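Visitor: Structure provided below as structure tokens; questions to follow.
Every number in this text was worked out from the coordinates using simple rules, so none of it is lab data. Remember, it's a predicted structure, so these values are computed and weren't measured experimentally. Virtual Cβ from ideal backbone geometry, glycine too; neighbours counted across all protein chains shown.
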Amino acid sequence: MELRAAALHALLETDPATKAHAVAALTAACQAGDVRIDTGIALVASAGIPGRPVRPELVPPLQVGRRSMGTPEGRAMLVHALAHIEFNAINLALDALWRFHGMPEQYYLDWLRVADEEALHFTMLSAHLATLGYAYGDFPGHDSLWEMVAKTSDDVMARMALVPRTLEARGLDAIPPLRKKIAQAGDLAAALILDRLLVDEVGHVEIGNRWYFSLCEERGLEPIATYDELTVRYKAPVLKGPFNIEGRRQAGFTEAELQRYR
């Protein structure tokens, strides 16, 4: 089994549970030594990227809707929104894995780890959603995360800059206050899942940071100025606080960058 080709196959899978299982199986096979990595081949994808189910309906972010977390439906909508983010995160990790050839082997192993952890997050959130009487797809979702993945399909450095260390890093800021609110609403099981998500997401953003800085060094580019240029070129969202400074520090942001978030 070749890792990048298998990742592309999993990315094309449309059923969420089957996709998550495929990622877990690929990770187990890799750990068992049954997978090789061809870093040089330029794979070509068929139509249908990313594979995803008919539901949820994809709408503009402002049309997703919100409900009070004081109601069971409101809490279910929040858990569904988190599950949708994690499903998209599986796809973005798989896309980073198969799409960009010529990277060191560790790059592909890192993104397999991300895909595996995102698949676990999705499975945990889907299971909790079922305890609330709902299933993934019962509420609408938006596609803004994947839109940036598609925009940066031409350059691995832009991908590292604008997906893990920009969009995913927003989760480092959002999870702590969200965890507090959902715990106050009485959903301690969801709060514990968010604790796990935060720990893992620090690691995922660190992977993006590490490869971004490595690519900047390889290309002789200054990281902060290059990041600013990439955000303009690819029309990345403007980041708004408050920021989780300690979480971002653990995830590999430099002190010079953190000063800009204070």
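Visitor: Can you tell me, using C-alpha contacts under 8 Å and at least 6 residues apart, the relative contact order of region 68-260 as a whole percent?
Guide: For region 68-260, the relative contact order is 22 percent.
Visitor: In terms of Cα to Cα distance under 14 Å, which aspartates and glutamates are near enough to Lys180, apart from those fewer than 8 places away along the same chain?
Guide: Asp195
Visitor: Turning to a different aspect of this structure: Step through the residues of region 243-257 one at a time and calculate ³J(HN,Hα) from phi using the Karplus curve (6.51 cos²θ - 1.76 cosθ + 1.60, θ = phi - 60°), rounding each to whole Hz and writing x for Gly and Pro.
Guide: The phi angles translate into 10, 8, 4, 5, x, 5, 4, 4, 8, x, 5, 6, 4, 4, 5 Hz.
Visitor: Here is a follow-up. Taking a spot 7 Å from the Cα of Arg260 along the direction of its beta carbon, which residues of region 216-243 have an amide N less than 16 Å from it?
Guide: Within reach of a label on Arg260, which here means backbone N under 16 Å from a point 7 Å along Cα→Cβ, region 216-243 contributes 216-217, 221-241, 243.
Visitor: Follow-up. Based on the mean of other beta carbon atoms within 10 Å per residue, what is the order of 226-237, 33-44, most packed first?
Guide: 226-237, 33-44
Visitor: Once you have a ≥ b ≥ c as the square roots of the Cα gyration tensor eigenvalues for region 220-262, tell me rounded if a/c is under 1.5, and otherwise prolate or oblate according to whether a/b is larger than b/c.
Guide: Judged from the Cα gyration tensor, region 220-262 comes out oblate (a/c at least 1.5, b/c at or above a/b).
Visitor: Which of rounded, prolate, oblate describes the chain, given a ≥ b ≥ c as roots of the alpha-carbon gyration tensor eigenvalues and a/c under 1.5 marking rounded, otherwise prolate only if a/b is larger than b/c?
Guide: It is oblate, given that a/c is not under 1.5 and a/b is not larger than b/c.
Visitor: Something else now. Taking the Cα centre of the chain as origin, work out the dipole magnitude from +1 charges on Lys and Arg Cβ and -1 charges on Asp and Glu Cβ, in debye rounded to 20.
Guide: That gives the chain a dipole magnitude of about 780 debye.
Visitor: As a check on your grasp of the helix formula, calculate [θ] at 222 nm for the chain: sum -39500 (n - 2.57) over DSSP H runs of n ≥ 4, divide by the residue count, round to the nearest 500.
Guide: For the chain, the value works out to -21000 deg cm²/dmol.
Visitor: Which aspartates and glutamates, if any, have their Cα less than 18 Å from the Cα of Lys151, not counting same-chain residues under 8 positions apart?
Guide: The qualifying aspartates and glutamates are Asp95, Asp143, Glu168, Asp228, Glu229.
Visitor: Among Val114, Ser144, Met103, which residue has its Cα furthest toward the positive end of the charge dipole of region 68-260, with +1 on Lys/Arg Cβ and -1 on Asp/Glu Cβ?
Guide: With unit charges placed on the Cβ atoms, the residue in question is Ser144.
Visitor: What is the dipole size for region 1-152, taken about its Cα centre, with +1 at each Lys and Arg Cβ and -1 at each Asp and Glu Cβ, in debye to the nearest 20?
Guide: For this selection, approximately 320 debye.
Visitor: Next question. Report the Cα centroid-to-centroid distance between region 119-190 and region 48-93 in angstrom, as an integer.
Guide: Value for the Cα centre distance between the two parts: 8 Å.
Visitor: Place the peptides 155-164, 135-144 in order of packing, highest mean first, counting for every residue the other Cβ atoms within 10 Å and averaging per peptide.
Guide: Going from most to least packed, we get 155-164, 135-144.
Visitor: Turning to a different aspect of this structure: Estimate the FRET efficiency between Ala130 and Arg36 by the formula 1/(1 + (r/R0)^6), using the beta-carbon distance for r and 45 Å for R0, to the nearest 0.05.
Guide: Once the sixth-power term is evaluated, E becomes 0.75.
Visitor: Mean-square fluctuation check for the chain, GNM, Cα pairs under 10 Å: which of Ala96, Ala183, Ala225 is largest?
Guide: With Cα springs under 10 Å in the chain, the top fluctuation among Ala96, Ala183, Ala225 is at Ala225.
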